[in-house]
Amino acid sequence: MSKTIIVSNRLPISLRHRNGRFEFKPSAGGLATGLGSIYKEGDNIWIGWPGNTVDDPEQRAEIILELHDLKMAPVFLSKEDVEEFYEGFSNETLWPAFHYFTQYMIYNPEHWEAYVRVNQKFCDAILKKAGPDDTIWIHDYQLLLLPQMLREVLPNATIAFFQHIPFPSYEIIRMIPWRKELLAGMCGADLIGFHTYDDMRHFLSAVGRINGLSSESGYIQAENRIINVDSFPMGIDYDKFAKQAKSKRTLSFVEEFGKQVEDQKLLLTIDRLDYSKGIPQRIQAFNQLLEQHKELHGKVSMIMIVVPSRDKVQSYKELKEEIDLLVGRINSEYSTLNWVPVHYFYRSFPFEELSAFYNMSDIALVTPLRDGMNLVCKEFVASKTDQTGVLILSEMAGASKELQDAILVNPNDRQGVVDAIFNALSMPLDEQIARMNSMQESLKKYDVFQWVKVFMDRLDHVKKKQEELTSKDVDTKVMNEIQASFKKAKKAILFLDYDGTLTGFHSDPQKAVPDDELRGIVKDLSELAQVVIISGRDKDTLGRWFEGQHIDMIAEHGVWVKKKEDKGDWELYAEVEDGWKDDIRKVMEYYVLRTPGAFIEEKHHSLVWHYRKVESGLGDLRMRELFSHLKYMARGHNLQVLEGNMVLEIKRPDINKGRAATAMMKGMEYDFILAIGDDWTDEDTFKAMPKNAYSIRVGYAYTQANFNIKSVKQVRQLLQKLTS
Ligand SMILES: O=P(O)(O)OC[C@H]1O[C@H](O[C@H]2O[C@H](CO)[C@@H](O)[C@H](O)[C@H]2O)[C@H](O)[C@@H](O)[C@@H]1O
Ligand SMILES: O=c1ccn([C@@H]2O[C@H](COP(=O)(O)OP(=O)(O)O)[C@@H](O)[C@H]2O)c(=O)[nH]1
Ligand SMILES: [Mg+2]
């Protein structure tokens, strides 16, 4: 039986020292609740750091035992690990980078080494527990290298990754010296999830530009696998918050706290201490509200809960001082004997009390400068069981994509925040209820259990899709079968595409000349079988490159043919009418002039616009534009516009490789037929092949071919095997 392993930097417990002993406090956090349905089942387990350093081997052994009963296994971090991996690389490089606080980023090679070392430590801990077919779900930015580390040892495992914090634009990620390694680490997963569509598109663009991995509709084409990238906005345990808000215990706290603030309007803010949460900016906005609206003095106050976090990191220490100062200033300026503007708590509260704060507050002011999701705002909404109350939410929080019925604000626009508070204070009851109702409906539906389910279902789907693709893989068994069938054959024919099949791509297409190895392969094959190079290339280039070889050639997708017995003469296979070219060439030239690096290749029956050397992104953009332009023109001329590997080609639709291959085989009887190609133009060849032919597509795209093969290197291996 395969099992599921959850991995995160922190375990869902906290380990505390008390009188020389350790004590566990289980975490009731959103993630722990959501994943409870998984890690508590069967042999499943959660692996992570217990959140404290433990050096004594006896104590470690004790902790391992106790955690075992809770279905957890610890990864112990040393003092250095905590300083360099957790505080260092995770929270002084990745955290600020991913939240767009580049001014706080530190580039320290020792921290990077520690990051690699600790990811390896997690990997080793997992390998002690994991079997080859297990599912491993890794969480968050502290463990970006882990998916690939595991993949190397467990090639068939199901590995998923979810990032809880934002994924920034390529412009930010490129600043990190180790960006390529980090992205490659993530790509060890089968499924990579983010909270929002924006995070996901940033990731896809970075992986494309930095690691050269292209993607389509959220599927990355890695060397021998597809990886799915998608958005899964995390929810909360809605019912738990709704129920708690009405519980006796919480209501008694509401009553007790209520006595102290009397009939004041309450603004609630809850965050971990973090510069990404925009706490000073929020205090300043509140200050400005009091400055501008004297009528509110004594009538409104802010309850501000700041939960201590990462207090060893310099930027967090400074932030704490700044907040203390700002709160001191506003309270000393405005307080009266019976009114304090800001009730400030630097600590965390138990769930029942937190629920009371949510329940009794009129407004939740959630204004992070950046936040992956933000659960506090969702918890506030779920706790408002009478549907009154207003949520003011930063548009920089992932949650804002779902909670469109909140008052959305830009946290950098101080006056905007002030106005939002003022409007919230006077919002009519029916509007409050309407907004709250719509937000509650959505949060109820997409709760944390639904989040887990949707994620796991998607993981299943990707694995199935991968299986479908690899089930057609040319493995050793298939290679042997093809070889045996070739050996037996009396009359064999091989259709071999050139670019992307026999040789790799070159930034200058004219430089993709056949090397000695390839010449040797083609020569050996041509002594045993009829070899046909079937290419979109022009006849002169092909003729020059394979001069002297005893092979047949089909050029320009079937316009020209040269049989080996024809010695130097190309025969026109299809009548070409090229009166259309002048108009189309003019348009293509216009796009060349606008796009540095682009160029036109002219063939007898087609025009090709190349953008391989254009700045990435710009090339795609211009190609799309040119595509729709050409499609419009093509209608009048009976032409076909086709997208290839970094090219756009326009040609007559009735000229294609399939038609040429069929013509080549006409009237002949073959007992072995093989066709290999790598792109859409080769699909025509595959479609034209008789049932008994072997057709192979290079790469793992969907295809009409009956097999897929990994790379040009493997194509050559297969061909060498045929002649050995
Ligand atoms: O482990 P710490 O250094 O003490 O930090 C606490 C956690 O903070 C981060 O939370 C994020 O996840 C939330 C749920 O997906 C999301 O709502 C929020 O926007 C994120 O900031 C962090 O991702 C965790 O790894 C930390 O453990
Ligand atoms: O005294 C407190 C204050 C907050 N929280 C919880 O801390 C989490 C904060 O998560 P969020 O996604 O808002 O921000 P993060 O800290 O993960 O960046 C929420 O679930 C809160 O209920 C808590 O357990 N005790
Ligand atoms: Mg090709």
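The values are calculated or read from the model by the stated rules, or taken from the named source; none is laboratory data. From a predicted model like this one, the values you see are computed outputs, not experimental measurements. Note that we place each Cβ from the backbone using ideal geometry, even for glycine, and neighbour counts take in every protein chain shown. Note: accessible area is taken over every heavy atom of the protein model, side chains too, but ligands, DNA and RNA are not part of it. Shrake-Rupley method; radii C 1.70, N 1.55, O 1.52, S 1.80 Å.
Annotations
- Scanning segment 207-247 for residues that are aliphatic (A, V, I, L, M) and in contact with a helix residue (DSSP H, G or I) (Cβ under 8 Å, 6 or more places away or on another chain) turns up VAL207, ILE210, LEU213, ILE220, ILE226, ILE227, VAL229, MET234, ILE236, ALA242, ALA245.
- Once segment 55-102 is narrowed to residues that are outside any helix (DSSP H, G or I) and charged (D, E, K, R), the residue that is least open to solvent (accessible area, probe 1.4 Å) is LYS71.
- Test for ILE126: is it surrounded by fewer than 22 Cβ atoms within 10 Å (Cβ to Cβ) and at pLDDT 95 or above: no
- Note on segment 107-118: residues that are in contact with a Phe, Trp or Tyr (Cβ under 8 Å, 6 or more places away or on another chain) and either outside the structural domain of ILE176 (by TED's automatic domain parsing) or outside any helix (DSSP H, G or I) (or both) total 1.
- Hey, ILE136 buried (at least 23 other Cβ atoms within 10 Å of the Cβ) and either away from ligand 1 (no atom under 16 Å from the Cβ) or not small (Gly, Ala, Ser) (or both) or not: yes
- Hits in segment 213-250 - residues which are without any contact (Cβ under 8 Å) to a residue 40 or more places away in the chain and open to solvent by 70 Å² or more (accessible area, probe 1.4 Å): SER214, GLU216, SER217, LYS243, LYS248
- Of the helices (runs of 4 or more DSSP H) that lie entirely inside segment 605-697, those containing 3 or more residues that are open to solvent by less than 40 Å² (accessible area, probe 1.4 Å) and over 28 Å from SER485 (Cα atoms) span 618-637.
- For segment 54-68, the count of residues that are in contact (Cβ under 8 Å) with a residue 60 or more places away in the chain and in the same structural domain as GLU41 (by TED's automatic domain parsing) is zero.
- Selection within segment 1-48 - of a type in the set (Phe, Trp, Tyr), closer than 28 Å to HIS195 by Cβ and modelled with pLDDT under 95: TYR39
- When residues of segment 461-500 are limited to those that are touching a residue at least 40 places away in the same chain (Cβ under 8 Å) and of a type in the set (Ser, Thr, Tyr), the one surrounded by the most Cβ atoms within 10 Å (Cβ to Cβ): TYR498
- Members of segment 119-164 found to be within 16 Å of ligand 2 (Cβ to nearest atom) and part of a strand (DSSP E or B), listed by number: HIS139, PHE162
- Residue in segment 60-67 that is out of contact with any strand residue (DSSP E or B) (no Cβ under 8 Å at 6 or more places or on another chain) and among the hydrophobic types (A, V, I, L, M, F, W, C) present: yes
- Candidates ASN638, ASN706, ASN645, filtered to the one that is within 16 Å of ligand 3 (Cβ to nearest atom), in contact (Cβ under 8 Å) with a residue 12 or more places away in the chain and not aromatic (Phe, Trp, Tyr): ASN645
- Verdict on PRO74 being modelled with pLDDT of 95 or more and assigned by TED's automatic domain parsing to the domain that holds VAL118: yes
- Single residue of ASP499, ASP447, ASP457 found to be in contact with a Gly (Cβ under 7 Å, 6 or more places away or on another chain) and not basic (Lys, Arg): ASP447
- Subset of segment 1-27 (residues that are surrounded by 14 or more Cβ atoms within 10 Å (Cβ to Cβ) and closer than 19 Å to PRO350 by Cα): LEU11, PRO12, ILE13, SER14, LEU15, PHE24, SER27
- Scanning segment 283-337 for residues that are over 27 Å from PHE422 (Cα atoms) and open to solvent by 30 Å² or more (accessible area, probe 1.4 Å) yields PRO308, ARG310, ASP311, LYS312, GLN314, LYS317, GLU318, LYS320, GLU321.
- Filter pass, ASP199 being in a helix (DSSP H, G or I) and open to solvent by 40 Å² or more (accessible area, probe 1.4 Å): no
- Long-range neighbours under 9 Å by Cβ, at least six apart or interchain, first residue without any contact (Cβ under 8 Å) to a residue 40 or more places away in the chain within segment 309-329, second surrounded by fewer than 18 Cβ atoms within 10 Å (Cβ to Cβ) and basic (Lys, Arg): SER309/ARG272; ASP311/LYS317; ASP311/LYS320
- Filter pass, PHE455 being more than 30 Å from TYR238 (Cα to Cα) and in contact with a Leu (Cβ under 9 Å, 6 or more places away or on another chain): no
- Restricting the search to strands (runs of 3 or more DSSP E) fully inside segment 475-571 and requiring at least 2 residues that are in the same structural domain as MET668 (by TED's automatic domain parsing), of a type outside the set (A, V, I, L, M) and away from ligand 2 (no atom under 16 Å from the Cβ) gives 560-562.
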